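The values are calculated or read from the model by the stated rules, or taken from the named source; none is laboratory data. This structure is a prediction, so every number in the text was calculated from the model and none was measured. Please note: Cβ atoms are built from the backbone with ideal geometry, for glycine as well, and neighbour counts cover all protein chains shown.
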Amino acid sequence: MTEQILQAIVNGILIGGVYAVLAVGLALVFGVMEIVNFAQSEFVMLGMYIAYAVFAAVGLDPIAAVPIVFLAVFAFGAAVQRLLIQPVLRAPMVSQIFLTVGLSFVLVAGAQLLFGATFLSVVTPYQTAALTFGGLQVSVPYLLAFLASAVMAALLWAFLERTDMGRAMRATSQNRTAAQLMGINPTRIYMIAFGLGTGLAGVAGAVILPYAYVFPTVGHNYSLVMFTVVTLGGLGSVSGAVVGGLVVGVIHAVSAVFLPTQLQNVVVFAIFLATLLFRPSGLLGAKA
Amino acid sequence: MSGFLRGLAVSRAEALCILATVLAMVALGLLMEGDGYNLRILTLAVLFAGAATAWNLVGGFANLISMGHAAFFGLGAYASTLLFIHYGLSPWGGMLVAGFIGVLASLVIGIPTMHLRGHYYTLATLAAVELLRILALYFTGLTGGPVGLSVPYLPNASFWAFQFEGSRPYYFIALGMLAVVLAVSYGFDRGPLGYRLRALKNSPEAAEASGVDTTRAKLIANAWSGGLMAAFGTLYAQFQFFIDPDTVFGFWTISIKLAMMTILGGIGLIWGPFVGALILVPLDEWANATFTGNSAALSRFIYGALLIALILIRPNGLLSIVKGRLPTARPQVAPATAVLTTADAAPGDPLLVVEGLTRQFGGLIAVNEVSFTLNGAEILGLIGPNGAGKSTTFTLLAGLDQPTRGSVILEGTRLTGLPAHAVARLGVVKTFQNTALFEDMSILDNVVVAGLLRCPTLAQARALGLEALELVGLDPDLAPTAGELNTVDRLRLEIARAVTTRPKVLLLDEAMAGLTPQETDLALEMIRRLRASGMAIIVVEHNMRAVMAVADRIVAMDHGVKIAEGRPQEVARHPKVIESYLGGEHRDVA
């Protein structure tokens with residue numbers, strides 16, 4: 001039993017790293033422009049399909065294809081922001097929410113029209129490989145996904161902390177008006193932030209492709225987990241999303257030891273509701 | 001008749017439109033073939049019109065964007081069906097139970113989320129419906145799981161079992177239920193709750209400060225919506241004879257569809273969801289029949305694209321074209337018997353006692369151990385340079401923020417810890433620096449919201465509001481909405497709204513900023529008149545001449561600390577005040 005739980009914790013951390021990257025994108029977008037992107041998980045699907053297409057065309061490993069996937073989804077996301085999100089930035093919340101819902105429908109249905117409803121996957125040499133550490137198994141595809149996510153998170157951190165654009169983005173997220181008065185062009189910031197947020201989701205899609213199937217509605221598997229992670233981390237807090245991702249990943253995996261698979265998500269909802277009740281400002285107590 | 005309509009705030013033209021719609025709907029129900037396909041679709045359209053109207057109660061009126069109203073719908077469908085199967089309870093009774101469960105569920109979702117930012121309610125509704133769907137799929141013994149649940153057919157007990165031949169009886173039941181939800185919508189739109197909801201939609205903080213219990217208003221809207229939605233779930237189960245988790249707890253099948261219908265017709269408009277449902281349900285049926293298999297994705301794609309286009313091009317929906325074209329009913333106003341003030345403290349007696357008030361933000365102490373007393377019918381000036389902590393003190397006094405330490409006591413009642421609307425009810429009200437009006441509402445409606453704190457009816461609240469508007473010298477017909485007023489009139493309205501709550505203590509936060517000398521003199525005159533009616537007033541003001549002229553006493557602050565207190569001349573000559581605030585140029589002010 002103990003061994004099972006330890007194994008679940010290891011798996012949970014590895015998967016949680018991916019959740020973190022996914023949720024960081026959502027948190028970044030909310031922090032900067034106060035929009036919850038309900039289509040965020042469809043960008044995971046988009047990343048998976050792009051990685052799949054690259055693999056099918058030239059046989060490039062999805063992990064190695066991360067830069068390509070990131071750039072492609074970033075560009076698409078930035079265009080979406082400019083054309084669709086920018087016009088509703090000052091609109092009522094209901095317009096913002098249902099615009100992203102509409103976007104989600106378009107993306108899922110578009111994928112289905114392009115690729116059909118079939119489940120697709122890639123074959124890698126390390127697909128079934130695992131490292132063993134004293135009875136604990138570490139699956140190689142999980143480990144690679146985690147490492148790629150960690151590198152991505154580190155790059156994002158460096159961007160936000162060390163570059164002028166990153167600083168401008170953090171300033172905008174703290175106080176939009178003040179940032180504007182300091183000469184920061186918010187329109188450009190919003191576009192780049194949305195591109196980054198969706199690009200990160202795309203990267204999460206690429207890195208899980210070696211161990212997960214891709215199909216048009218695959219994003220739905222991640223959307224609720226993702227919202228739980230950002231709520232737990234404090235809506236709009238990037239560092240909170242990282243911690244939240246790891247916590248949810250571990251709880252999710254450990255609960256699978258005790259509960260039937262169908263009820264695994266019930267635990268995620270329990271965390272979500274408990275967060276709302278007891279710690280609405282999130283684990284790290286960011287702005288609420 | 002016209003008096004009755006006026007009581008409902010329905011104009012004659014609007015009443016005629018309603019009558020024509022009712023006749024058309026009844027005629028359609030009678031003329032269409034009873035067991036035909038068309039009446040079946042129309043019945044579904046009316047059913048969804050009712051459900052979408054219930055969604056509009058939160059999504060449109062209370063600005064709570066639910067993405068999980070299928071939770072209530074599905075609970076209602078399962079509750080009545082299970083009670084019918086296992087306990088033989090008539091679905092009519094089941095519908096009542098369902099409504100009750102819907103109200104309870106609305107509280108479970110609402111209570112933890114109402115005090116948070118709106119996005120949390122949205123996410124909570126989304127999580128709630130997913131949770132219910134998973135549970136319904138898992139507990140197959142109770143719900144039949146993914147296979148679904150059929151309503152047993154009882155041919156001999158038609159009415160009791162809520163089972164009829166053909167669609168016609170269901171159609172008229174749906175129509176009756178739609179009428180009920182529309183009536184509730186009218187109550188929301190034209191009644192006191194509607195005023196409160198519109199106010200909180202415009203500015204939650206100003207609504208609270210004007211005595212609106214915003215949490216309560218939102219919970220009431222959510223409860224009506226949840227209960228009615230559950231009743232439509234029961235009707236759906238009876239009409240279809242079959243339910244399954246993926247349909248009745250469905251994101252696309254119910255939750256999003258209801259929102260889409262409402263947005264299409266016109267969100268926040270009484271008849272918006274009705275128009276949207278009548279267009280979307282038949283369209284949906286047609287699309288489902290036409291696009292099958294893989295091309296079903298095409299219809300989903302078009303839906304998504306249309307939703308995006310709708311939001312970008314016509315975010316207020318189709319009915320917004322008509323809105324404002326119909327004449328509105330003349331509002332009822334009660335005879336002016338209201339008296340503006342309720343203060344009964346004798347002049348000179350202590351009214352408001354502030355003790356050791358402290359507010360710390362992280363490392364910054366914005367207000368530090370501030371104590372003072374305000375006497376009955378006194379005008380107290382609160383002065384200090386920028387960042388002295390004056391506005392924070394006001395925010396604390398009005399209950400819009402809670403102090404780290406210290407207390408505020410009004411006539412022996414402790415205000416500290418109470419929410420702003422309760423503080424307003426007890427009699428301490430503040431105006432907002434730079435004004436926080438209900439921009440989309442008319443001038444009169446801005447003060448009516450505040451009047452509802454003291455008056456049970458709108459007519460009385462209007463009388464009280466008109467009295468306050470007259471006092472500040474603002475014509476209620478000057479502009480169609482508060483958003484179109486100029487700075488001076490905005491300040492007037494801000495004061496009028498605060499005065500309409502009949503405060504014992506009025507807190508004026510820079511109410512004379514930007515006024516010309518003549519306008520300032522008028523404002524001072526008005527403040528003296530308010531005091532004469534029995535109110536005690538604290539003014540925060542940068543215009544030193546104005547403060548010195550009007551205040552009986554002055555409290556001076558700097559860096560969060562009280563540095564001086566006394567008569568205007570004494571404070572003006574106080575060395576600390578001169579040093580920190582008045583400076584050389586103002587030394588001769590007194």
If you go through region B:246-269 one residue at a time, do you hit one that is under 17 Å from B:Ala127 (Cα atoms), more than 14 Å from chain A (Cβ to nearest Cβ) and polar (S, T, N, Q)?
yes
Being touching a helix residue (DSSP H, G or I) at 6+ places or on another chain (Cβ under 6 Å) and more than 22 Å from B:Ala556 (Cβ to Cβ), is that true of even one residue in region B:380-394?
no
Qualifying positions in region A:118-137 - assigned to a loop (DSSP other than H, G, I, E, B) and either more than 26 Å from the chain's Cα centre (by Cα) or farther than 30 Å from B:Asn294 by Cβ (or both):
A:Pro125, A:Tyr126, A:Thr128, A:Ala129, A:Gly134, A:Gly135
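Yes/no per residue for (1) on the phi < 0 side of the Ramachandran plot; (2) surrounded by 24 or more Cβ atoms within 10 Å (Cβ to Cβ):
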residue: B:Glu510; (1), (2): no, no
residue: B:Glu519; (1), (2): yes, no
residue: B:Glu525; (1), (2): yes, no
residue: B:Arg529; (1), (2): yes, no
residue: B:Val539; (1), (2): yes, yes
Count - residues of region B:410-432 that are in contact with a Leu (Cβ under 7 Å, 6 or more places away or on another chain) and either aromatic (Phe, Trp, Tyr) or not in a helix (DSSP H, G or I) (or both):
9
Does B:Glu484 fit the bill of being surrounded by fewer than 21 Cβ atoms within 10 Å (Cβ to Cβ) and modelled with pLDDT of 90 or more?
yes
Meets criteria (on the phi < 0 side of the Ramachandran plot, of a type in the set (Gly, Ala, Ser) and outside any loop (DSSP other than H, G, I, E, B)) for B:Ala127:
yes
Among the residues of region B:67-80, is there at least one that is of a type in the set (Ser, Thr, Tyr), under 23 Å from A:His220 (Cβ atoms) and more than 14 Å from chain A (Cβ to nearest Cβ)?
yes
Restricting to region A:194-236, and then to whatever is within 14 Å of chain B (Cβ to nearest Cβ) and farther than 15 Å from A:Asn37 by Cα, can you tell me which residue is modelled with the lowest pLDDT?
A:Gly234
Filter region A:44-94 down to residues that are in contact (Cβ under 8 Å) with a residue 40 or more places away in the chain and assigned to a loop (DSSP other than H, G, I, E, B) and give me whichever is surrounded by the most Cβ atoms within 10 Å (Cβ to Cβ).
A:Pro62
Every residue in region B:433-481 that is without any contact (Cβ under 8 Å) to a residue 60 or more places away in the chain, closer than 20 Å to B:Met512 by Cα, hydrophobic (A, V, I, L, M, F, W, C) and assigned to a loop (DSSP other than H, G, I, E, B), please.
B:Leu474
Is there a residue in region B:130-144 that is away from chain A (no Cβ under 14 Å) and surrounded by 15 or more Cβ atoms within 10 Å (Cβ to Cβ)?
yes
Tabulated pairs, region B:292-308, first facing another protein chain (nearest Cβ under 7 Å), second buried (at least 21 other Cβ atoms within 10 Å of the Cβ) and outside any helix (DSSP H, G or I), C-beta under 8 angstrom, 6+ apart or interchain:
B:Ala297/A:Pro216
For B:Ala161, work out the one condition from (1) farther than 24 Å from B:Asp244 by Cα; (2) surrounded by fewer than 21 Cβ atoms within 10 Å (Cβ to Cβ) it doesn't fulfil.
(1)
Out of (1) modelled with pLDDT of 95 or more; (2) touching a strand residue (DSSP E or B) at 6+ places or on another chain (Cβ under 6 Å), the odd one out for A:Leu103 is which?
(2)
Any idea which of B:Ala237, B:Ala230, B:Ala199, B:Ala221 is in contact with a strand residue (DSSP E or B) (Cβ under 7 Å, 6 or more places away or on another chain), assigned to a helix (DSSP H, G or I) and aliphatic (A, V, I, L, M)?
B:Ala237
Which numbered condition in (1) at pLDDT below 95; (2) of a type in the set (A, V, I, L, M, F, W, C); (3) under 30 Å from B:Asn316 (Cα atoms) is the only one that B:Leu57 fails?
(1)
Look through region B:126-183, keep the residues that are hydroxyl-bearing (Ser, Thr, Tyr) and within 17 Å of B:Thr81 (Cβ to Cβ), and return whichever of them is modelled with the lowest pLDDT.
B:Tyr153
Give the residues of region B:23-62 that are of a type in the set (Val, Ile, Thr) and either over 29 Å from B:Gln332 (Cα atoms) or exposed (fewer than 13 other Cβ atoms within 10 Å of the Cβ) (or both), sorted by residue number.
B:Val26, B:Ile41, B:Thr43, B:Val46
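Results for (1) of a type in the set (Phe, Trp, Tyr); (2) assigned to a helix (DSSP H, G or I), shown as yes or no for each residue.
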{"position": "B:Leu123", "(1), (2)": "no, yes"}
{"position": "B:Pro146", "(1), (2)": "no, yes"}
{"position": "B:Ser158", "(1), (2)": "no, no"}
{"position": "B:Phe164", "(1), (2)": "yes, no"}
{"position": "B:Pro169", "(1), (2)": "no, yes"}
{"position": "B:Met177", "(1), (2)": "no, yes"}
{"position": "B:Val180", "(1), (2)": "no, yes"}
Please determine, by comparing only the residues of region A:253-288 that are in contact (Cβ under 8 Å) with a residue 12 or more places away in the chain and away from chain B (no Cβ under 14 Å), which one is farthest from the chain's Cα centre (by Cα).
A:Val257
If I ask for residues that are of a type in the set (S, T, N, Q) and surrounded by fewer than 19 Cβ atoms within 10 Å (Cβ to Cβ), which ones from region A:108-160 would you list?
A:Thr118, A:Ser121, A:Thr124, A:Gln127, A:Thr128, A:Thr132, A:Gln137
Residues in region A:170-213 that are surrounded by fewer than 23 Cβ atoms within 10 Å (Cβ to Cβ), in contact (Cβ under 8 Å) with a residue 40 or more places away in the chain, over 25 Å from A:Phe272 (Cβ atoms) and not hydroxyl-bearing (Ser, Thr, Tyr) total 3
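Counting only residues that are among the polar types (S, T, N, Q) and within 11 Å of chain B (Cβ to nearest Cβ), how many does region A:107-122 have?
2
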Residue set B:Val26, B:Val10, B:Val46, B:Val22; condition β-branched (Val, Ile, Thr), assigned to a loop (DSSP other than H, G, I, E, B) and away from chain A (no Cβ under 14 Å); output residue B:Val10
Please determine, by comparing only the residues of region B:263-321 that are in a loop (DSSP other than H, G, I, E, B) and over 29 Å from the mean Cα position of the chain (by Cα), which one is surrounded by the fewest Cβ atoms within 10 Å (Cβ to Cβ).
B:Thr292
For region A:248-287, which positions are closer than 15 Å to B:Ala127 by Cα, among the β-branched types (Val, Ile, Thr) and surrounded by fewer than 16 Cβ atoms within 10 Å (Cβ to Cβ)?
none
Given the conditions (1) more than 14 Å from chain B (Cβ to nearest Cβ); (2) modelled with pLDDT of 95 or more; (3) in contact with a helix residue (DSSP H, G or I) (Cβ under 7 Å, 6 or more places away or on another chain), every one holds for A:Leu71 apart from (3)
